[in-house]
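Note sheet for the following structure.
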Amino acid sequence: MGDLERLAPWMYEFELPGGQKTPLLAESLRHVHTARRSMMFELLDAVGYDRTASVLDLACSEGYFSMHFAQRGAREVRGIDARPRNIEKAELMQATFGLTQCRFEVGDITEIELAPASYDIVLLLGIIYHVEDPIRLLRRAARAARKVLFVETQVTKHHPPLAFGWGSTTAIYSDDYWAMARENPSQDDLSSVRGFSLVPSPTAIVSLLREIGFRSIVQLHTNETANELQFQSGDRAMYAAWW
C-alpha cells in the first residue's frame, strides 16, 4: 500500500506530479478549500502583497494552504498542527513538491511559543470554533502577525441581540456572543481535540479584532469562480485584518 492510501482519507486534495490526486474525505470539502484559497489570494493580489512574505499557518492540517503560499514564492512558511498524522501528510506533500522553505511541526497552537510580529502573514483558518479559548488564540495569532491576519470560521446564524444581566436588573443587549458546541475527538478527526468548541457570532469576531487593535478589518466574500454555500448562507465567514 502506498503512502497516499495508507494515510487516507485526506482533508485536502493535492494534485501530484503525474496527475494522481490524494483521496478526498468528502466532496463538499473541495468547495470550502477552493473558496478559502480564492478569497485570500484574490485580496492579496489586489493589494499587491510581497509574494516572498513569511507565513505562519496555525492548525495547518495537511499543509495545503502553507504549500500554496510556498508555491507562490513565500520565503518561509511554518505550519503547526496538533495531530501527528496531519503533519506526516504535510511532510509527505512537502517532499513531493520539493518545497524546502516549508517547516511543519506537531504542537498545541494554544500553548506553543509564538514570537511577537514574527511572520508577515498569519493564517487562522477553520480552527477558532474548535478550541475552548478562542479569544486567547485570536490574541496570540494577532501578536505573531507583522502585517495581516486571516481568520476563517464557522459563525452563528443571525439572531436578535441576546439579553443578559450584568449586576443589575436592567437588561443589556449584545450582538457579540459565542455558542457552545460539543464534539467527539475520538470519532471525528476534524473536531476539537478537547471536546468543546465555541462558535462566534460575526459581530463577536469583528469586535474582538477591533479591540485587539487592527487598523482595517474586511470580510471576504466568494465569487462566481469560488462559490460555496456555507459562505453564501452565512454559516461561515472569512476576515482579513491589517495593522
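For region 111-155, what are the residues that are at pLDDT 95 or above and among the hydroxyl-bearing types (Ser, Thr, Tyr)?
Of everything in region 111-155, those that are at pLDDT 95 or above and among the hydroxyl-bearing types (Ser, Thr, Tyr) turn out to be SER118, TYR119, THR153.
Looking at ASP45, is it in a strand (DSSP E or B) and modelled with pLDDT of 90 or more?
Details: in a strand (DSSP E or B): no; modelled with pLDDT of 90 or more: yes.
Judged against the criteria, ASP45 is not a match.
Only residues that are within 30 Å of ILE121 (Cα to Cα), touching a strand residue (DSSP E or B) at 6+ places or on another chain (Cβ under 7 Å) and assigned to a loop (DSSP other than H, G, I, E, B): list them for region 152-177, please.
Within region 152-177, the subset within 30 Å of ILE121 (Cα to Cα) is 152-158, 175-177.
In the following step, the residues that additionally are touching a strand residue (DSSP E or B) at 6+ places or on another chain (Cβ under 7 Å) were identified as 152-156, 177.
The answer is VAL155, THR156, TYR177.
If you go through region 190-212 one residue at a time, do you hit one that is assigned to a loop (DSSP other than H, G, I, E, B), of a type outside the set (D, E, K, R), out of contact with any helix residue (DSSP H, G or I) (no Cβ under 8 Å at 6 or more places or on another chain) and at pLDDT 90 or above?
Within region 190-212, one or more residues are assigned to a loop (DSSP other than H, G, I, E, B), of a type outside the set (D, E, K, R), out of contact with any helix residue (DSSP H, G or I) (no Cβ under 8 Å at 6 or more places or on another chain) and at pLDDT 90 or above.
Among the residues that make up region 138-147, is at least one of them more than 24 Å from ASP235 (Cβ to Cβ), of a type in the set (D, E, K, R), outside any strand (DSSP E or B) and in contact with a helix residue (DSSP H, G or I) (Cβ under 7 Å, 6 or more places away or on another chain)?
Scanning region 138-147, I find at least one residue that is more than 24 Å from ASP235 (Cβ to Cβ), of a type in the set (D, E, K, R), outside any strand (DSSP E or B) and in contact with a helix residue (DSSP H, G or I) (Cβ under 7 Å, 6 or more places away or on another chain), so the answer is yes.
Which pairs do you get when a residue that is without any contact (Cβ under 8 Å) to a residue 40 or more places away in the chain, found in region 24-44, comes within reach of a residue that is surrounded by fewer than 16 Cβ atoms within 10 Å (Cβ to Cβ) and assigned to a helix (DSSP H, G or I), reach meaning Cβ atoms under 8 angstrom, with the pair 6+ apart or on two chains?
LEU24/ARG30
Look at region 11-42 and say how many of its residues are over 23 Å from VAL55 (Cα atoms) and either among the small types (Gly, Ala, Ser) or assigned to a strand (DSSP E or B) (or both).
Total satisfying the criteria: 6.
Considering region 48-64 alone, what residues qualify as being crowded, with 23+ Cβ neighbours inside 10 Å and either in a helix (DSSP H, G or I) or among the hydroxyl-bearing types (Ser, Thr, Tyr) (or both)?
SER61, TYR64
Restricting the search to region 220-243, which residues are surrounded by fewer than 16 Cβ atoms within 10 Å (Cβ to Cβ) and within 14 Å of the chain's Cα centre (by Cα)?
Once the filter is applied, which keeps residues that are surrounded by fewer than 16 Cβ atoms within 10 Å (Cβ to Cβ) and within 14 Å of the chain's Cα centre (by Cα), region 220-243 yields nothing.
Counting only residues that are surrounded by fewer than 18 Cβ atoms within 10 Å (Cβ to Cβ) and in contact with a Phe, Trp or Tyr (Cβ under 9 Å, 6 or more places away or on another chain), how many does region 118-138 have? Quick ask: steps written out before the conclusion?
Going through region 118-138, the residues surrounded by fewer than 18 Cβ atoms within 10 Å (Cβ to Cβ) turn out to be 118, 132-133, 135-136.
If we keep only those that are in contact with a Phe, Trp or Tyr (Cβ under 9 Å, 6 or more places away or on another chain) as well, we get 132, 135.
Qualifying residue count, region 118-138: 2.
Residue by residue, here is whether (1) in contact with a Cys (Cβ under 8 Å, 6 or more places away or on another chain); (2) assigned to a strand (DSSP E or B); (3) surrounded by 15 or more Cβ atoms within 10 Å (Cβ to Cβ); (4) β-branched (Val, Ile, Thr) holds:
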| residue | (1), (2), (3), (4) |
| --- | --- |
| SER66 | yes, no, yes, no |
| ALA74 | no, no, yes, no |
| MET93 | no, no, yes, no |
| ILE112 | no, no, no, yes |
| PHE150 | no, yes, yes, no |
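The values are calculated or read from the model by the stated rules, or taken from the named source; none is laboratory data. Model, not experiment: these values are computed from the prediction. Cβ sites come from the backbone with ideal geometry, for glycine too, and all protein chains shown count toward neighbours.
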